[in-house]
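Remarks on the structure that follows.
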Amino acid sequence: MIPSPERLPISAPPGFRIEGLLSRGGMGSVYRASRENDATPIALKALRHLRPEHVDALLREVRFLSRIEHPGVVRILDHGDGPDGPWYAMERIDGPTLRHWIDDTHRRSAPGGRPVADDARDTALRHLRRNLRSLTGGDRSRTARLDDHPGPPAPRDHTPLTPTSAIPTERIRSLAEIASRIGLALTAIHAAGVVHRDLKPDNILLRDGRTPVIVDFGIGVQVLAGDRADAATATRLRGTLHYIAPEALRGLPIDGRADLYALGCILFEALTGRTPFDGEDSRTLMRQHIDEIPVPVRSLSPALPPAFASLVDDLLHKDPARRPAYAVDVVHRLVSARLVGPCPLPPTTYLNRNRLYGRAEHTRTLQRLCKRIDEGRVGGIIVRGDSGSGKTRLVADTLQRAGRRGFLVAVAVAGERGVHSGHRFPDAPFRVLRTLLRQLVGPTLDRDPALRQTLLGEGGRALAALDPDLAELLEGVPPWPAERPEGFRAALLLDVAALLINLSRTTPTILVIDDVQWADEPSIELLHDLLQQAGDARFGIVATARPDGSNHALEGLTGHHAVQVLQLPLLEDRDVVDLASSMLDGAPIPDTLASLLQRRAAGSPLLVVETVRALIADGTLVRSGPGRWGVSASRQGSLDGAIPRGMTQLTLERLASLRPNQRELLELAAAIGMRIDTTLLAGAAQLPRTRVEELLDDLRVTGWLEPSSMRDTLAFQHARRRDAVYENIAPETRRRLHGAVAAALTSTIGEEPAPAHATLAQHLELAGVAESAADAWSQAAEYAIARAAWGDARTALERASRLTTDPERRVGWQLLQVRAIDIPTRLYDAALERLDDCERILDSHPNEPLAIDAGLLRLEVLGATMRNREGLALGLELIERARAIDDQPRLVLAQALATRHAASSTRTELAQDLIREAMEGAEQVDDLTVRAEVLRTHASQVRFFDRVRQEPEVFAQAAEALLEDERPVAAAWLLLNNVAAMIAAGDLDRARWMFEEGRAIHNRAHPDHTASASAYADAVIAHAEGRFTLARQRLDRIIHGAAQRGIRMAGAFAQGARAMVHRSAGHHAAAARDASVVLDIMREAQVREGDIFMGNVLAGARIMTGRFDGVGDVLRNAIEAGLQTCSHYPTGEAILQRARLARLTGQLDVAAMHLNDFPDSARIPEILAFLHAEELHLALARGEDPEPAAHAMNIAVREASTLPYYEGWQAVRRASAALDAARAGHARSLVAGEVPGTWPAPLRRRMATGPG
């Protein structure tokens, strides 16, 4: 029963009346309707579900039908968008489907066909989601693949294939007439640049029972969709399985010949009553299409004319090149066989897809990578080649096959903005990564949000901050805070790693980046790190790159051990000819044309393809019949002039042939860049979206544009073509176009910093609106800073500074660059140059607060570069200047920063006075940042002056203030970096607490660059606990990492800590080597801590290895530096080393003098143990009673909690051995009060020569 209009699921669009339901499919429904004004019968199609992909499909169908005018194609009458979604009205065909004609012919029910339930990508994702839910149990190694999940058996008749009863001759002629008309309709469809993809009897209506009309273009595609579109849709499989071409099932690119294969299946079924293949399930049916040869149709229908049978058999050939090349050839053969009457045949105005030539080995290399990925070995390939060498096509063809085997493929095209006026603007930070993640996360979470926990665990905050679309999918996940940029990159790495690893457990995944040389560096750096961390995850990276472009990040990716560089050469001459021939149905290329092609194309596949297309378009090459192409007689003598000389000339000639409105839209698209957001394009053009889509369809069909990997976007089919169009635009017109794009962008982005601000800034700059462009660049910089994309932020701020004419804004942006980029990334020379520039500007345009801010930043840089005397002078000057303008916050910050320089310049009393004043002033300032900075400075001074035992809570207090100021990284850094100070002060328990608390803060913040601080603190604690091997392993990793990243001082501090571990473990030669290297580095950098700490280690190690020369000078320098900086504990150690050296060299009175002069400030248990050990040795050397010293030493040892961290560790062991020997009556065996057996061999040999 036909439902009444009131019960239908949609409301009638204005002007129409819905009368009932005609049919219902998986995506939409077709209703019987009529116009209200004239009662014209129509069919109205609307969607059942408003899914984005369904909306896109219906709008695409509207566009296709609007551009095809042929009696064999259903005619569209109207379309629109209503409360129930988009709809369109078409003519209602009064007549049965071809399915009914076949049923009537064979007097039995139709075998029908089984539609593919969903495309392969959706199928893989559906099983992926199912498998992800089962990760907690079961086999996790199984790959989710389409052909692992056969569909339900079809209700088919499986009687043996025997000849059918004779079909009446009139029915054969009727079918031939139908086939001829379908061929003509397909000719019009393919000429419009469309492949139907779902041609079957049910989609062919017979007007008046005789004339076929093709309907349902919902899954049609552009026949000229380019290589990038193929890569982006590598896993899509649509249609009805009984009629799908083998190349589509194998994952190869398709063209109009896929529809011809479907036509062959339809004719086979119409003639025999059954489809060519009849597998019991989807898997079997797919295999039959790919591998099995169909039974010759004449063996089942003996009465069939041989010419008709031969045509059907040829249409069913597995190789598209062996089928009729064009739909018009089907008509031509039917006419030639006199199965239908003569009719005018339209000329061939389009070309089928060409084959790849000269790329067989490269294809195999990519296939081997896919196999490795499927086996759980991460890897990557970068395909390098000149522009137009076919890199993208090679990757696209290979990955389509992988997509059919169950791989998830995500594609990003880098360099979306293209070249403008000779300058290539960088992509926004993480744009490539955002593009890839939308394709991976979107289809999964959009349909099943519950999978977020499985894919990301407790993570996802960095992904939510990265992209608004991802944030919407990760509903309920708070984004990463913008004020914590230093932790963003590491958090993002964890999120993306978790996502890819969990995805790859069930489905191997490949990330594709086209033109990677133009990609944003943050994306490439993160992908490089992913390869490092992926382990046995089944994912890989495939990228294309030109040889003339590179950057630091790409060089790092190229150098990764798992990444292979695949060089793509230009084509050889024979491949050029074969490629051209494949485009012309395999027809031989005339020698003259072949020679010219070889010279002009210069081995570029792109130029071969474009030249052949141009020769056909201008009538130089003409087709006289199937497989017959030749040079037009009128062009025989001017063939040389007909072939364009290069890509630019070819592009401009084609550009001139466009209609004015097409050309204007194309130029506007070129101004936008390589990738075009169609919504932005419509806004900039100020045209209705439908009109823009119509014009874009024309540009797609003619090969200018192609679908992109993202929804509602297009891309130029080649960068060289886009650049040629852009460079041909007059300068004034360029500015106008960029202004239009900027206006459209401004209306779509908000005030918060976003990726689009970089694009907006670029267009404003090119439109000549400098100040507005500077503002947009500054917002782009803020976005980049919040995501730790330092290079992008630096570029944006530099452009903003150059564009503005306001000196204060220029200074402000330069100071922001110093504060937020140069100092965190240790670019101190660049920071000083920038600050010098600011001072020059402020000399001409005075602004005292800004000048003081610049001075405060200079103080930070001078402190980082150890220029403390210069820093102290500047700090005192800034204090007076801040007082003069009564600016308390700046005054307090100047005092705090000056304190550090005073302390490092050995101005101890001044440093103490300054920090006291700063602490008092901070109480009067209602500014968390100022207070936190002062407390942090105070903590550093407590450490510097060895007052940790007196103020053990100072580090916790400073960390708490930094956390209140929302600076968790600084808090973690403060606690972790001062673990050694707490150990040096002898408080191991508090040191452990600082380590655990600092690591917890670090893990919450995910800061990339505090990971080494955490490892360093862990190593120091292991050292203090006597776990020397573990400590050394931790430090080895830090040293290696610092060397790789070029951070020399960080590596030096870790190497110094390793020298101390070697000393405690008794590896004196290794300790001497490390200490000597570190001491040289520290002295070069004018770091006094080198003499203080490493001088001690080097002196002790040289004594133990018998190398006394120069030890006295080393210790003298250590003691002087320690006294100047109030470093009491290492100063005490150096004095004791001096006493030991004097004793070993026979100067017992000198040794006694040193022990008597030992300072009270160094008397902590760990140092006292060393002192009393020396007193014990001296007593034995003098023949005095050692017991008082032994008693004092034992008390100190019991009270010391971090003794292994000090030289006292070895000293106590030596003293205990000497005491045991004396008590056993072996005092005469001692040398200088020590047991020679406790010495290394070099020291024994040295002492054997005498005490001198």
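Let me make sure I get this right: for the range 652-777, a, b and c are the square roots of the gyration tensor eigenvalues over alpha carbons, sorted descending. Under 1.5 in a/c it's rounded, otherwise prolate if a/b > b/c, else oblate. Which is it?
It comes out prolate by the Cα gyration axes.
Please work out whether the range 5-91 counts as rounded, prolate or oblate from its C-alpha gyration tensor, where a ≥ b ≥ c are the square roots of the eigenvalues and a/c under 1.5 means rounded, while otherwise a/b larger than b/c means prolate and anything else oblate?
The shape class here is oblate.
So which GluC sites (Glu not before Pro) in the range 477-581 end up in coil per DSSP with only 12 or fewer other C-beta atoms within 10 Å?
Passing both the DSSP loop test and the Cβ count: 483.
Could you give me the radius of gyration and the Dmax of the range 300-358, taking only the C-alpha atoms into account and expressing both in angstrom?
13.8, 46
Taking a ≥ b ≥ c as the square roots of the eigenvalues of the Cα gyration tensor of the range 38-80, is the shape rounded (a/c under 1.5), prolate (a/b larger than b/c) or oblate?
Oblate, because a/c is 1.5 or more while a/b does not exceed b/c.
As a test of the definition: which semi-axes, in Å, follow for the range 1148-1252 when you take the square root of five times each eigenvalue of its alpha carbon gyration tensor? Largest first, please.
Whole-Å semi-axes of the equivalent ellipsoid: 22, 15, 14.
Along the three principal axes, how long is the range 573-643 when you take its alpha carbons, biggest first, rounded to the nearest angstrom?
27, 26, 20 Å, listed from the longest principal axis down.
If you restrict to DSSP beta bridges whose two residues both lie in the chain, what percentage is antiparallel, to the nearest 5?
65
Less than 12 Å apart at the alpha-carbon level, and either on another chain or at least 8 residues along: which aspartates and glutamates does that give for residue 200?
In chain and number order, the partners are 216, 259, 269.
Using only the Cα atoms of the range 1039-1153, construct the convex hull and provide its projected area averaged over every direction, in square nanometres to one decimal.
Approximately 7.1 nm², given one-decimal rounding.
Would you mind putting 311-322, 1091-1102 in packing order, based on average other-beta-carbon counts within 10 Å, highest first?
1091-1102, 311-322
Report ³J(HN,Hα) in whole Hz for each residue of the range 62-69, in order, from the Karplus equation J = 6.51 cos²θ - 1.76 cosθ + 1.60 where θ = phi - 60°; Gly and Pro get x.
The phi angles translate into 4, 5, 4, 5, 5, 9, 10, 10 Hz.
Roughly how many debye, to the nearest 20, is the charge dipole of the chain about its Cα centre, given +1 on each Lys and Arg Cβ, -1 on each Asp and Glu Cβ, and no other charges?
4680
Hey, could you get me the Stokes-Einstein D for the range 795-897, Kirkwood radius over alpha-carbon pairs, 20 °C and 1.002 mPa s, rounded to whole µm² s⁻¹?
After rounding, the answer is 155 µm²/s.
Roughly what angle does helix 591-601 make with the longest principal axis of the chain, taking Cα atoms, 0 to 90 degrees, to the nearest 10?
For 591-601 against the chain, the angle is about 30 degrees.
Sorted by mean Cβ packing within 10 Å, highest first, what order do the peptides 379-386, 685-692, 961-968 take?
Highest to lowest by the protection proxy: 379-386, 961-968, 685-692.
Pop a pseudo-label 7 angstrom from the Cα along the beta-carbon direction at both residue 1226 and residue 561 and give the gap in nm to one decimal.
4.9
Set the Förster distance to 51 Å, then compute FRET efficiency between residue 1043 and residue 472 from the Cβ-Cβ distance, nearest 0.05.
After rounding, the FRET efficiency stands at 0.75.
The chain: D in µm²/s via Stokes-Einstein (Kirkwood Rh, Cα pairs, 10 °C, 1.306 mPa s)?
44
How large is ³J(HN,Hα) for each residue in the range 731-747, as worked out from phi by the Karplus curve 6.51 cos²θ - 1.76 cosθ + 1.60 (θ = phi - 60°), to whole Hz, x for Gly and Pro?
x, 5, 5, 4, 4, 5, 5, 5, x, 5, 5, 4, 5, 5, 5, 4, 6
Could you derive backbone 3J(HN,Hα) for the range 1095-1109 from the dihedral phi with the Karplus parameters 6.51, -1.76 and 1.60 (θ = phi - 60°), listing whole Hz in sequence and x where the residue is Gly or Pro?
Per-residue couplings from phi come out as x, 4, 5, 5, 4, x, 5, 5, 4, 5, 9, x, 9, 7, 4 Hz.
Using only the alpha-carbon atoms, how far is helix 1048-1065 inclined from the longest principal axis of the chain? Give it as 0 to 90 degrees, nearest 10.
Long axis of 1048-1065 versus the principal axis of the chain: about 50 degrees.
Of the peptides 454-463, 94-103, how do they stack up when ordered by the mean number of other Cβ atoms within 10 Å, highest first?
Result, highest mean first: 454-463, 94-103.
Quick check: the angle from helix 689-701's long axis to the longest principal axis of the chain, C-alpha only, nearest 10 degrees?
With rounding to tens, the tilt is 80 degrees.
Throughout, read-outs are computed from the coordinates displayed, never taken from laboratory work. This one's a predicted model, so the numbers in the text were calculated from it and none came from an experiment. We place every Cβ from the backbone using ideal geometry, glycine too, and count neighbours over all the protein chains shown.
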